[in-house]
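Structure first, commentary second.
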């Protein structure tokens, strides 16, 4: 065979930058880079000119000015005398709280609906299909607005709860009554729920830039410690089982470890519940949960649950029938088959799209503005922006914060995903 | 033994009994009920719960639905009518609100005497989509175009369309219908003209501006066509783009002015803030969908590319857009774009929103398409290389058709998401059907306190459109299915 050794070693010509695949990619990349740099320079130049024309400068000093506005829902202390930075923090916490509860409710609801949709029961699976299609094909904004309007327009006024002397004498019931053993009152101003109080709380620790609620963190620490000790206990029980074949009885130890320390701590701190009660024209005591929060959480959970249900259904259906048949052949009962064979495998399919649903939910909390929920978007991108007139800084900061939240959530969930993925050995 | 046995038999059945029907519990409705509703205690409980839920829902909603009032001028009047007919304390839906406000829900503040323009644009939308959706299927094309004709005839007549546009619109669609019979392939030309036509129909103004703007593409093609024999394909394409941009920047407006001076033809100009309702949602949704797909494909290819810089830029763009909520991007459109553009530029808010929505959807589409690209077996890429196809040919002929087919369901759900997200434009002051129009209705003194009816009305329309899209994607999946399972 003749071997073509005499390939002409042509010298470099300019046209090779376009026509030779060895060099073309460099040409393209350089062109792209130059275009990109030009675009960035153009944008920056425009921005500088525009800022100059408006007599504004680019700095974040405004964050330390007095905010001067009130925020309805504040989980960390805040008054309108605090600075904008504090207001932004309050907003961020509000965003995270809605996202947190939304994710929990949506997951629970979504898993239940997804499993029920696969149920052999015709009626129930049809109902769940209707639910999923209904929520997936209608904008989230509609669900938020509708829940808010229903909560604030159909619920009774606080005075409807009043029992006057004449009514008591006549044995009449008031127009509205509290729910859940007289602990929760849903009025048109918000939902009054009982609040936890401590007679001998640990107070707060002031760190200068922020203050820590020691009572809260003490409880969190004790719970975390209990869970950790309980896991150690279970691990040692498993070790014993694998060594001897007998599993020591652990359930009462678990219960003791999990609950006794917390209860002891609560008793020691004088824990009691303050139940809201009607005084004058409104309910006093307890915590007033604004309808904007409730509506946003409900709507986000219901909407995202429909998507999660589809993910769960697809995940379970992705496991081949052979797996459950093999489990039955091994003599496993149906619920153990589910928990030991199907779910662990289905989780691998479910988790990646679930992560993106959590991300979506978190980003969708920004729709809270439709019901005037003061989250990050409402404080930093809303009132602070309007008061200080610093669109550029506020928007950039807000995008940065959302981006960070998204990245953190996806990193955490990807770590978890890695831990359940198939370990190839 | 067998002999004795044969002899002891005294009776041998010589005719078979007719087959007995299965027991009652094993046939018909009873069997179905038993298997599907009452098979286990858990199932029985679920069924009971389901029936209870349906019952409660019906008990609450059915009287309300049955007591609907279609003719009234205010909510109070509605309630009075319901109480008069159904008794004290009865509730009833007040659809009369829809009768009074449907124009705002559909068209926003678009002047009522010009409603025929969005109607024509909407009808033609399907005529333009037809060759894309049902390529080469003469029967489906005919059905769809026939439906468009019927829709245009009826709704244009209802909207009191002036004679000339009425006749022109119907003649054009009949022409398309005839074309579908003779040369269905050529229908795509209408799809290409459609954006300019719609832009002119909806926003009005001189007829020459869309024509001259479209001529820019003609300039691009001409330069490319006549330049390529002399300077090669790539430089000719580059020169074409430069020529087109120069055309749009410097030649466009003077030419339009001259032509308008010679032959003033045009429609009444409509301002962007007069757009609203579903008109706005569909304008943003359709434009976003049609532009986000190509951008999304390019981004996905960029992300899969071997070129480091292209890849980094694509990844950065995609991850940035996907990491922030759409609302922040819309606010960027309304507040920040004025900082990023040369001082004094001020372009249309709807256009700005469309650009940002398109980018948003494109980033999501890019991820979806990347999934499709990743799902293709390596062998397909290698086969394309072995055939000697260059990068773009390989993508166009081998890779993308398969990758897009795999990702159809996800692409369509991204589109559905985009269409639902058009409601968010309410936050930058545009009048979307959900928040914008409904708020106006609810602020009206006559209809204060109404909430179920407007939300149900808007929700049902959104549901129909989105559900239709998802059904179409299922049809497409079935049609394109090539495996033999």
Listing of helices (runs of 4 or more DSSP H) fully contained in segment A:110-186 that carry 3 or more residues being free of Cβ contacts under 8 Å to residues at least 24 places away in the same chain and more than 14 Å from every other protein chain (Cβ to nearest Cβ): A:165-170
All-but-one check, residue B:308 against (1) surrounded by fewer than 17 Cβ atoms within 10 Å (Cβ to Cβ); (2) more than 12 Å from every other protein chain (Cβ to nearest Cβ), failing number (2)
Tell me, yes or no, whether segment B:312-322 has at least one residue that is crowded, with 18+ Cβ neighbours inside 10 Å, within 7 Å of chain A (Cβ to nearest Cβ), modelled with pLDDT under 90 and assigned to a helix (DSSP H, G or I). no
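Taking the options B:338, B:380, name whichever one is at the interface with chain A (Cβ under 10 Å from one of its Cβ atoms) and over 25 Å from residue A:368 (Cβ atoms). Don't jump to the end; show me each part of the working.
Values: B:380 fails: at the interface with chain A (Cβ under 10 Å from one of its Cβ atoms).
Within the list B:338, B:380, the selection yields B:338.
Residue by residue, here is whether (1) out of contact with any strand residue (DSSP E or B) (no Cβ under 7 Å at 6 or more places or on another chain); (2) within 14 Å of another protein chain (Cβ to nearest Cβ); (3) closer than 23 Å to residue B:440 by Cβ holds:
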residue	(1), (2), (3)
B:49	yes, yes, no
B:63	yes, no, no
B:69	no, no, yes
B:77	yes, no, yes
B:94	no, no, yes
B:115	yes, no, yes
For segment B:231-242, enumerate the residues that are part of a helix (DSSP H, G or I) and either within 14 Å of another protein chain (Cβ to nearest Cβ) or closer than 19 Å to residue B:210 by Cβ (or both). B:231, B:233, B:234, B:235, B:236, B:237, B:238, B:239, B:241, B:242
Residues in segment B:360-382: is at least one exposed (fewer than 13 other Cβ atoms within 10 Å of the Cβ), part of a loop (DSSP other than H, G, I, E, B) and in the same structural domain as residue B:293 (by TED's automatic domain parsing)? yes
For segment B:417-473, the count of residues that are more than 21 Å from the chain's Cα centre (by Cα) and either part of a helix (DSSP H, G or I) or away from chain A (no Cβ under 11 Å) (or both) equals 16
Examine segment A:399-416 for a residue that is closer than 30 Å to residue A:66 by Cβ and not in a helix (DSSP H, G or I), and state whether such a residue exists. no
Output the residues belonging to segment A:348-383 that are away from every other protein chain (no Cβ under 14 Å), in a helix (DSSP H, G or I) and surrounded by 17 or more Cβ atoms within 10 Å (Cβ to Cβ). A:350, A:351, A:354
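When residues of segment A:279-293 are filtered for being in contact with a helix residue (DSSP H, G or I) (Cβ under 7 Å, 6 or more places away or on another chain) and surrounded by fewer than 20 Cβ atoms within 10 Å (Cβ to Cβ), how many remain? Can you show your working first?
Initially, segment A:279-293 is screened for residues in contact with a helix residue (DSSP H, G or I) (Cβ under 7 Å, 6 or more places away or on another chain), giving A:281-283, A:291-293.
Now restrict to residues that are surrounded by fewer than 20 Cβ atoms within 10 Å (Cβ to Cβ): A:281-282.
Total satisfying the criteria: 2.
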Single residue of segment A:211-232 satisfying the filter (without any contact (Cβ under 8 Å) to a residue 40 or more places away in the chain and not in a helix (DSSP H, G or I)) that is farthest from residue A:201 (Cα to Cα): A:212
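The values are calculated or read from the model by the stated rules, or taken from the named source; none is laboratory data. Since the model is a prediction, treat every value here as computed from it, not as a measurement. Here Cβ is always computed from backbone atoms with ideal geometry, including for glycine, and neighbour counts include all displayed protein chains.
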